[in-house]
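J.: Before we start, here is the structure in question, set down as structure tokens.
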Amino acid sequence: QVQLVESGGGLVQPGGSLRLSCGASGSITRFNAMAWYRQAPGKERDLVALIASGGSTNYADSVKGRFTISTDNAKNTVYLQMNSLKPEDTAVYYCQVRGLRVYWGQGTQVTVSE
């Protein structure tokens, strides 16, 4: 069983930045990929960013150039740096890891508002 703990969400003004963290129980190098998803009220959960074990990344078109996904293997953590935040980025953000199974974190709320 893999435990994922997210942190770093909160309330930020438009144009601001946040960095989300997702700490895993045990080494993250065993996973094929790690990703961040988000789900806004009344909407489906959508992929935001993904990083594969080889380091390649993939981003949703809506966040390209603003968000960056990265990992720190020594800390067993995946990050999502979010810059130039917009109100439409408001959602619950979920960490996901993919190995033999898929595991999810509990989610962290990000609210972008004046």
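J.: Residues being among the aromatic types (Phe, Trp, Tyr) and within 9 Å of the chain's Cα centre (by Cα): count how many of those fall in the range 67-114.
T.: Going through the range 67-114 one residue at a time, the tally reaches 3.
J.: Now, a different point. May I ask you to list the residues in the range 9-27 that are at pLDDT below 95, part of a loop (DSSP other than H, G, I, E, B) and in contact with a strand residue (DSSP E or B) (Cβ under 9 Å, 6 or more places away or on another chain)?
T.: 25
J.: Something else now. Restricting attention to the range 94-106, report how many residues are surrounded by fewer than 18 Cβ atoms within 10 Å (Cβ to Cβ), of a type in the set (Gly, Ala, Ser) and within 21 Å of residue 11 (Cα to Cα).
T.: Summing the residues that are surrounded by fewer than 18 Cβ atoms within 10 Å (Cβ to Cβ), of a type in the set (Gly, Ala, Ser) and within 21 Å of residue 11 (Cα to Cα) in the range 94-106 gives 0.
J.: Pick from the range 64-85 the residues that are in contact with a strand residue (DSSP E or B) (Cβ under 6 Å, 6 or more places away or on another chain), free of Cβ contacts under 8 Å to residues at least 60 places away in the same chain and hydrophobic (A, V, I, L, M, F, W, C): which of them is farthest from residue 24 (Cα to Cα)?
T.: 67
J.: Would you check if residue 109 is polar (S, T, N, Q), closer than 26 Å to residue 3 by Cβ and open to solvent by 60 Å² or more (accessible area, probe 1.4 Å)?
T.: yes
J.: Within the range 1-37, can you find the residues that are in contact with a Lys or Arg (Cβ under 7 Å, 6 or more places away or on another chain) and either free of Cβ contacts under 8 Å to residues at least 40 places away in the same chain or over 15 Å from residue 78 (Cα atoms) (or both)?
T.: The one that is in contact with a Lys or Arg (Cβ under 7 Å, 6 or more places away or on another chain) and either free of Cβ contacts under 8 Å to residues at least 40 places away in the same chain or over 15 Å from residue 78 (Cα atoms) (or both): 14.
J.: Do we find that residue 3 is open to solvent by 70 Å² or more (accessible area, probe 1.4 Å) and out of contact with any Leu (no Cβ under 6 Å at 6 or more places or on another chain) in this structure?
T.: yes
The values are calculated or read from the model by the stated rules, or taken from the named source; none is laboratory data. As the structure is a prediction and not an experimental result, all values here were calculated from the model. FYI the Cβ positions are ideal-geometry reconstructions off the backbone, even for glycines, and counts take in every protein chain you see. Remember, those area values only see protein heavy atoms, side chains included, never the ligands or the DNA or RNA. Shrake-Rupley method; radii C 1.70, N 1.55, O 1.52, S 1.80 Å.
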